[in-house]
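Single-structure report; data block below.
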Amino acid sequence: MTPGEFKLRGQDLIILYGYLQTPFGEAIAAMTTKGICALRFLFGSREVMLQEIQSEWPQAQWVRHQSEITKAVEPLFHPQAGPLRLHLHGTNFQLKVWQALLRIPCGKLATYENIARAIDAPQAHRAVGTAVGRNPIAYLIPCHRVIRKSGVFGEYRWGASRKQVICAWEAAKAAQDN
C-alpha cells in the first residue's frame, strides 16, 4: 500500500470478505483487487473479528462475497498453491519483518533474534516481536514459525495450541516432501 493509500484509510477501496474453513479452524479473510488484505483465525465471534478488520480500513466499502474469498484463499492452504498476492499496510519496519517471515521455509522455525538479524536490526528483537504480533495475514505470512530463543513457542494471536498444531502440520508436510 502506498503512503497516500494508507492515509486515506481505505477510502475508495472495495474490500470483499468471507469466512472459510481451514485445516486450523474457521477463518475470516478479506481482499482488494490488489490482493489479500486480511486473514484471521476466528477467536471469538464472527462479528467481533469483522469489526476488528474493518477498523483497520474504516473508509473502505465492505462487501461479503463468499465465493470470491473461497476461490482466492482456500487453495493457499494446499501444497500446490501458486504465488501470493497481498495488499498490506504497515510501517516500513513491520513490512521488513513480514518479508523476513515469508523467507522462513515451511517446516522450519526462527527466533525473534534471527528475524532481527535478517532485517539488519540485531538489537530490535522486542520490536520484531511487536511487528510479528501485528501481522494481519494469519498463516500466509508465517508468524507462527517464530519462537523464543529458549525454544518455547510463546504466544500466538490466535491461540498457542493452534500455533503448535500449525508448526507440527508444516513439519510433517516438509518431512513428507523430503
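The values are calculated or read from the model by the stated rules, or taken from the named source; none is laboratory data. What you see is a predicted model, and the numbers here were worked out from it, not measured in a lab. Neighbour counts are summed over all protein chains in view; Cβ atoms, including those assigned to glycine, are modelled from backbone coordinates with ideal geometry.
Structural remarks
- When the range 34-55 is filtered for residues that are at negative phi and either part of a strand (DSSP E or B) or without any contact (Cβ under 8 Å) to a residue 12 or more places away in the chain (or both), the ones remaining, listed by number, are I36, C37, A38, L39, R40, F41, S45, E47, V48, Q51, Q54, S55.
- Enumeration of residues in the range 115-138 that are in contact (Cβ under 8 Å) with a residue 24 or more places away in the chain, polar (S, T, N, Q) and surrounded by fewer than 17 Cβ atoms within 10 Å (Cβ to Cβ): none
- For A110, the requirement of being of a type in the set (A, V, I, L, M, F, W, C), crowded, with 17+ Cβ neighbours inside 10 Å, modelled with pLDDT of 95 or more and more than 20 Å from P23 (Cβ to Cβ) is met.
- Counting residues in the range 124-131 that are over 21 Å from I53 (Cα atoms) and among the polar types (S, T, N, Q) gives zero.
- Scanning the range 168-178 for residues that are closer than 17 Å to T22 by Cβ and modelled with pLDDT under 90 returns a single hit, K173.
- The lone exception for V73 - which of (1) touching an Asp or Glu at 6+ places or on another chain (Cβ under 9 Å); (2) crowded, with 17+ Cβ neighbours inside 10 Å it fails: (1)
- The range 76-101: number of residues that are in a helix (DSSP H, G or I) and surrounded by 12 or more Cβ atoms within 10 Å (Cβ to Cβ): 11
- A search for C-beta distances below 9 Å between a residue of the range 143-160 that is crowded, with 19+ Cβ neighbours inside 10 Å and any residue that is of a type in the set (D, E) and at pLDDT 90 or above, counting only pairs 6+ apart in sequence or on different chains, returns H144/E170; R145/E170.
- Within the range 115-167, considering residues that are outside any loop (DSSP other than H, G, I, E, B), under 24 Å from I28 (Cβ atoms) and among the charged types (D, E, K, R), the one modelled with the highest pLDDT: R145
- Within the range 70-103, being among the β-branched types (V, I, T) and modelled with pLDDT of 95 or more holds for one residue alone: V97.
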